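Colleague: Got a structure here, written out as structure tokens. Questions coming.
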């Protein structure tokens, strides 16, 4: 056992004599005022690990443990989620600012669903060359209603239950019907734009502006169909 301890302990006096022969003017221990370290535990062997544990220093495999090494600072505790930036009880998007527009959103949802029913009936009663564009417009209006209902849920946490309508829709002559739909779509685009200007919620304003642009495109569709109908 004594022989093993002697092998695990470095005799720095031997290194002093070597350095003196190699370079008498070179300090082998810079920054330590010419004093050699007392002892350094060897990296291998169970005795080295036990010595490190006895001295209160962490034993790291393959690395010597320095005496008097500064302790690492404690790891900071995990920050609660409710104190992180952006994690607020009242979110900046679809929050209390959007709640002020909730009745307006309800009206928009009902209008979009009514437009979907109208365009589906229009597509069944229109000439064959106009049916596909009218059917596509009906699907667009259904998509608008779905986006608005998703926004309603984000704001309120509740699913919107639209009114159920079973009325029979009669379109009538083609050109007057297209003229009426053009004005309805253009007014819908204007109403969405006004609602976007009237809210301070940035996400709701973005959604309303996108729907406004869609409504204006629908108005252009109605004008295209009306132009074709008037040429016949």
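The values are calculated or read from the model by the stated rules, or taken from the named source; none is laboratory data. Since this is a predicted model, take the numbers as computed values, not measurements. Neighbour counts run over all protein chains shown; Cβ positions are idealised from the backbone, glycine included.
Colleague: Do we find that residue 154 is touching a residue at least 24 places away in the same chain (Cβ under 8 Å) and either surrounded by fewer than 19 Cβ atoms within 10 Å (Cβ to Cβ) or over 21 Å from residue 100 (Cβ atoms) (or both) in this structure?
Modeller: Working: touching a residue at least 24 places away in the same chain (Cβ under 8 Å): yes; either surrounded by fewer than 19 Cβ atoms within 10 Å (Cβ to Cβ) or over 21 Å from residue 100 (Cβ atoms) (or both): yes.
For residue 154, the condition - touching a residue at least 24 places away in the same chain (Cβ under 8 Å) and either surrounded by fewer than 19 Cβ atoms within 10 Å (Cβ to Cβ) or over 21 Å from residue 100 (Cβ atoms) (or both) - is met.
Colleague: So which residues in the stretch 164-190 are in a loop (DSSP other than H, G, I, E, B) and surrounded by fewer than 13 Cβ atoms within 10 Å (Cβ to Cβ), if there are any at all?
Modeller: If the condition is that a residue be in a loop (DSSP other than H, G, I, E, B) and surrounded by fewer than 13 Cβ atoms within 10 Å (Cβ to Cβ), then 164, 165, 166, 167, 168, 170, 172, 173 are the ones that fit.
Colleague: If a residue must be exposed (fewer than 14 other Cβ atoms within 10 Å of the Cβ) and within 35 Å of the chain's Cα centre (by Cα), how many such residues does the stretch 108-135 contain? Show your work before the answer.
Modeller: Let us first name the residues in the stretch 108-135 that are exposed (fewer than 14 other Cβ atoms within 10 Å of the Cβ), namely 124, 127-129, 132.
If we keep only those that are within 35 Å of the chain's Cα centre (by Cα) as well, we get none.
Counting residues in the stretch 108-135 that are exposed (fewer than 14 other Cβ atoms within 10 Å of the Cβ) and within 35 Å of the chain's Cα centre (by Cα) gives 0.
Colleague: Here's a follow-up. I need a count of the residues in the stretch 192-210 that are part of a helix (DSSP H, G or I), buried (at least 16 other Cβ atoms within 10 Å of the Cβ) and touching a residue at least 24 places away in the same chain (Cβ under 8 Å).
Modeller: 5
Colleague: Given the condition modelled with pLDDT under 95 and either over 17 Å from residue 106 (Cα atoms) or not in a helix (DSSP H, G or I) (or both), answer yes or no: does some residue in the stretch 148-158 qualify?
Modeller: Yes, that holds for at least one residue.
Colleague: Next question. Among the residues of the stretch 90-125, count how many are touching a helix residue (DSSP H, G or I) at 6+ places or on another chain (Cβ under 7 Å) and within 17 Å of residue 205 (Cα to Cα).
Modeller: The total comes to 10.
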